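First the structure, in the form of structure tokens, and then the observations on it.
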Amino acid sequence: MATAKEKKEEVKKYLKKLRAELRVIHLAVTDELKLPEPNEVKTLMSQMEELLLVVDPKSAKKSKKSEIKK
């Protein structure tokens, strides 16, 4: 089981990556008036799900179950 410090570092890594990718998308939308590709959005959403698994595994499992029911 990962220690709190290891989890914190892993979360930081995910957040830095997500922030950089979101920054690129934001610039494209605001400067070029260009919407992101659907696969870019799906990739970011899956990365956010991975982050949720690291931060709160129990919560992530519950959210997946509720998505399946919809």
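The values are calculated or read from the model by the stated rules, or taken from the named source; none is laboratory data. Note that the structure is predicted; figures quoted are calculated from it, not measured. Because the Cβ atoms are built from the backbone with ideal geometry, glycine has one as well, and the counts that use them run over all protein chains shown.
Of note:
- First in region 7-22 and under 19 Å from Glu37 (Cβ atoms), second anywhere and assigned to a helix (DSSP H, G or I) and polar (S, T, N, Q), Cβ under 6 Å, 6 or more apart: Leu18/Gln47
- Lys61 being basic (Lys, Arg), surrounded by 11 or more Cβ atoms within 10 Å (Cβ to Cβ) and either within 15 Å of the chain's Cα centre (by Cα) or modelled with pLDDT under 85 (or both): yes
- Among the residues of region 7-39, those that are over 26 Å from Val55 (Cβ atoms) and not in a helix (DSSP H, G or I) comprise Leu33, Lys34, Leu35, Glu37.
- Search result, residues across region 25-45 that are surrounded by 11 or more Cβ atoms within 10 Å (Cβ to Cβ) and over 28 Å from Pro57 (Cβ atoms): His26, Leu27, Ala28, Val29, Lys34, Leu35, Pro36, Glu37
- Hey, Ser66 at pLDDT below 90 and among the polar types (S, T, N, Q) or not: yes
- Of the residues screened, Glu9 is one that is over 9 Å from the mean Cα position of the chain (by Cα) and of a type outside the set (Phe, Trp, Tyr).
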